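The values are calculated or read from the model by the stated rules, or taken from the named source; none is laboratory data. Everything numeric in this text was worked out from a predicted model, so none of it was measured. Virtual Cβ from ideal backbone geometry, glycine too; neighbours counted across all protein chains shown. Just so you know, the surface numbers come from the protein's heavy atoms only, side chains and all, with ligands and any DNA or RNA stripped out. Shrake-Rupley method; radii C 1.70, N 1.55, O 1.52, S 1.80 Å.
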Amino acid sequence: MRRPTALFLGTLAALGFAPHAAPARSPLLHVFAQFPSAGLAQPPCFPTPNTKLFDDETEGYAAQTRTNPAYGMPGWSRSQGGRFHKGVDILPVEFERTERTVKIEYYDPKTSRSFSKNEPVCIPHDEIYAVLDGTVVVVNARSERSGYGRYVMIEHRFDDGTPFLSMYAHLSRVEVKEGRSVRRGDRLGIMGQTSSQPGGRRYLSAIPHCHFEVGRVIDENFASTRAARALRPPMLGGKYDPRNIQPYDPIRFLREFRAQPRSSLVLTKAASPQPREP
Ligand SMILES: [Zn+2]
């Protein structure tokens, strides 16, 4: 058998077949899925007490940095458009500014200059709520196992039965167990600043937030694939591993399905579901 030439291997690599390289990542990780036309039987609850998400405005809702106003937004919002963010980083409404500071490195695309700044450490206290009725499919209680830190993932269904997931990350405390059913608006835990990554923890110290994601499983058989078993850090949650979840745009999810503040849900809990938006 002929040995593959360097040119041949180079061509393979360009096509995405890299021998002995890390498992290929699904392109679907970087494309927002379309919502099924059936929609939802009920409007979702906002995942935190922050309800400052308006039709034409996300300031006060999504996290920003000194140099990146889109930092907390879903999409290609990171590293000058070079890195995809699957969720929205929701700002706390209740937090405490400590005397401590943390050094944050910034890159200013306007001046092409890097600089660092000591920012005050802020501790968030917001409660985290289930957006809809569902089943808790993953609780990661050990923050060192994931860049998402401590997190909860819940499986819900669209009105046509299509399953989908919501995820609440970087929590300080998780108050639900895997396998349990939850109701819309149930408390899942408390916002926090947990992550396995030191860089992530530094940003979270200065800009606390809840990373909220909505998505769907890409490959139902993911857990038994060679790619999944080769993952580093190791697979977490089987097919519900975040590296097997295609995102929906979480801002569109909250806007188009008319998310409600939890306080108004409690008052209307016994009422029949609200009519679906066309
Ligand atoms: Zn995030």
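Given only helices, namely DSSP H runs of n ≥ 4 each adding -39500 (n - 2.57), what is the per-residue ellipticity at 222 nm of the chain, to the nearest 500 deg cm²/dmol?
Numbers: 5 runs with 37 residues, N = 278.
That comes out to -3500 deg cm²/dmol.
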Taking only Cα atoms of the stretch 19-107, radius of gyration then Dmax in Å:
17.1, 50
Taking only protein heavy atoms and a 1.4 Å probe, what accessible area per residue, in Å², does the chain have with all protein chains in place?
54 Å²
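What's the magnitude of the charge dipole for the stretch 31-268 around its Cα centre, counting Lys and Arg as +1 and Asp and Glu as -1 at the beta-carbon? Answer in Debye, nearest 20. If you can, show how the numbers build up before the last one.
Details: 33 positive and 27 negative charges, 171 e Å.
Result for the stretch 31-268 is approximately 820 debye, rounded to the nearest 20.
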Normalised by the empirical 2.2 N^0.38 Å for globular proteins, what value does the Cα Rg of the stretch 181-225 take?
1.62
Of the heavy-atom accessible surface of the stretch 31-268 (probe 1.4 angstrom), what whole percent is carbon and sulfur?
46 percent
Using r as the Cβ-Cβ distance of residue 56 and residue 94, and R0 as 25 Å, what FRET efficiency do you calculate, to the nearest 0.05?
0.45
Dipole of the chain (Lys/Arg Cβ +1, Asp/Glu Cβ -1, origin at the Cα centre): which of 231, 214, 147 lies farthest to the positive side?
231
Once all Cα-Cα distances of the stretch 111-188 are split into 5 Å bins that start at 0, what whole-number percent is in each one?
3, 14, 21, 19, 14, 9, 7, 5, 5, 3, 0
Label the chain by shape, choosing from rounded, prolate and oblate, from the square roots a ≥ b ≥ c of the eigenvalues of the Cα gyration tensor; if a/c is under 1.5 it is rounded, and otherwise prolate applies when a/b is larger than b/c, oblate when it is not.
oblate
